[in-house]
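The structure under discussion appears below in the form of structure tokens.
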Amino acid sequence: MGNALNVRDLLFIGVIALAATLVLTPAVRALTVRVGLLEKTSPRKLHTRPMPTAGGLAMFFGFWGAVFAFSLAGGGAGAHGAGVPAGLLPATLLIVVLGMVDDYLDLRPGVKLAGQVAAAAVFVFSGARIEQLGHPLGGVLELGWWSVPVTLLWLVAVTNVLNIIDGLDGLAAGMTSIAALPMLFIALQREQWAAALLAAALIGSTLGFLRYNFNPARLFMGDTGGMFLGFVLGAVAVEGVLGGPADVAPTIPVVALGVPVFDTACAIVRRAMSGRPIAQADDGHLHHRLVRAGLSQRQAVLRLYAAGAALALVSLVLLRVSPLQAFFVAAGLAAAALPPARRLGVLGELPGRAAAPAHARPAAVRSEQRRPGVSQARRAR
């Protein structure tokens with residue numbers, strides 16, 4: 001498969017992505033303010049003043065700028081025997097345009113989903129597919145023509161779970177970096193060089209954006225950024241973890257994405273049990289409940305970072321066990337997380353406990369909201 005990547009290659013693309021995003025983010029912020037692309041306040045959102053959004057545009061250009069810079073420096077497909085999938089650029093361009101339109105017009109869920117499926121189809125029909133899966137009971141499950149819908153479902157699902165968790169300053173960008181790290185290591189182990197490069201560029205661009213997005217944020221990534229990060233992370237998993245020979249348990253990337261996956265699953269259950277549409281936004285997510293429990297934004301985000309990092313480490317440990325053992329570990333982790341999630345109210349309010357109104361939030365949270373220049377969550381999804 002050509003020459004193996006080295007640490008210098010990974011540092012090169014990561015540093016270029018970080019530097020490009022650092023430089024581009026203030027310009028994107030100025031542009032969004034000029035055109036009036038602002039995230040407005042509402043009773044279900046925690047920020048107290050309109051905030052510039054669509055900052056994901058800076059990550060898009062920082063990410064692709066690093067990829068192209070590496071190619072121009074002589075590190076393209078010729079050096080490593082595997083190029084970036086041909087459909088990834090047009091697919092992510094479509095995702096970013098869709099996100100910008102949604103940030104401006106607030107598209108209906110069905111329209112947004114159709115756009116996500118279209119972007120995923122561009123990527124899939126360029127040849128990137130999950131063709132085999134390790135069977136929990138042993139052996140390999142050949143997907144055949146099912147590889148197309150399975151890959152489409154994976155890409156759309158990861159796009160949404162990352163976008164949905166974008167509820168506190170710095171949360172989605174940080175969780176993306178954390179989840180991308182084990183995928184980078186797995187891609188290197190499997191000699192999937194293009195996936196490793198994409199993971200390094202993704203980590204660099206998110207870290208660069210965090211300079212402006214961590215609390216107190218000066219810019220929100222918007223659906224422009226949330227969907228872009230989720231789509232690229234899903235594509236990295238297809239190319240580096242789930243694609244090719246079925247030598248990695250399919251539960252491993254799910255565990256690496258454990259925090260946003262668990263939060264999204266709880267949201268689906270919570271809304272279904274209350275008789276609300278699954279796509280209807282609410283403020284019952286993990287991050288909202290942690291803030292309601294008395295944590296500051298930073299404390300809530302750092303705790304979720306820690307949980308994400310622990311799951312990322314577990315995902316690497318699962319490389320050494322069978323698919324069946326990996327499945328039981330993942331199921332056990334989910335089961336262990338249910339009681340504290342229920343106590344927090346992530347699965348819905350406990351009997352006899354009413355949802356706390358905004359004015360009844362802990363004093364630390366109220367004072368944080370009153371301080372000028374301190375932004376809050378992008379939105380309660």
Binned Cα-Cα distances of the stretch 182-288, short to long, each 5 Å bin given as a whole percent: 2, 11, 16, 18, 18, 16, 11, 6, 2, 0
Roughly how many nanometres apart are two label points built 7 Å out from the Cα toward the Cβ at Ala86 and Val140? 2.5
Provide, in order from the shortest bin, the percent of all Cα-Cα pairs of the stretch 161-201 in each 5 Å bin, continuing until the bin that contains the maximum pair distance. 5, 25, 25, 16, 15, 9, 4, 0
Rounded to whole Hz and in sequence order, give me ³J(HN,Hα) for the stretch 109-123 from the Karplus expression 6.51 cos²θ - 1.76 cosθ + 1.60, θ = phi - 60°, writing x for Gly and Pro. x, x, 5, 5, 4, 4, x, 5, 5, 4, 5, 4, 5, 4, 5
Taking 0.36 nm per intervening residue step and subtracting the Cα-Cα distance, what contour gain separates Arg211 from Leu338 on full extension? 42.4 nm
Under the 0.36 nm per residue contour assumption, what length would be gained going from the current alpha-carbon distance of Ile278 and Leu113 to full extension? 58.1 nm
Assigning unit charges at the beta carbon (Lys, Arg +1; Asp, Glu -1) and nothing else, what dipole magnitude in debye, to the nearest 20, does the chain show about its Cα centre? 1640
Per-residue ³J(HN,Hα) for the stretch 238-253, Karplus 6.51 cos²θ - 1.76 cosθ + 1.60, θ = phi - 60°, Hz, x for Gly and Pro: 4, 6, x, 10, 8, x, x, x, 7, 9, 10, 4, x, 6, 5, x
Over the Cα atoms, compute the radius of gyration (one decimal) and Dmax (the largest Cα-Cα distance, rounded to a whole number) for the stretch 227-331, in Å. 15.8, 47
So what's the gap between the Cα centers of the stretch 115-148 and the stretch 307-337, to the nearest angstrom? 22
Let me know the whole percent of all Cα-Cα pairs from the chain that are separated by more than 34 Å. 24
Between Ala172, Ala237, Ala121, which gets the highest mean-square fluctuation from a Gaussian network model of the chain, Cα cutoff 10 Å? Ala121
Amide H within-cut-off set for Gly87, under 5 Å, with H built and near neighbours excluded: none
Sort 18-30, 244-256 by packing, meaning the average of other beta carbons within 10 Å per residue, with the highest value first. 244-256, 18-30
Using helices alone, I'd like the mean residue ellipticity at 222 nm for the chain: each DSSP H run of four-plus residues gives -39500 (n - 2.57), total over residue count, nearest 500. -20500 deg cm²/dmol
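Laboratory data are not the source of any read-out in this text; all were calculated from the coordinates shown. From a predicted model like this one, the values you see are computed outputs, not experimental measurements. Heads up, the Cβs are rebuilt from the backbone with ideal geometry, glycines too, and the neighbour counts pull from every protein chain shown.
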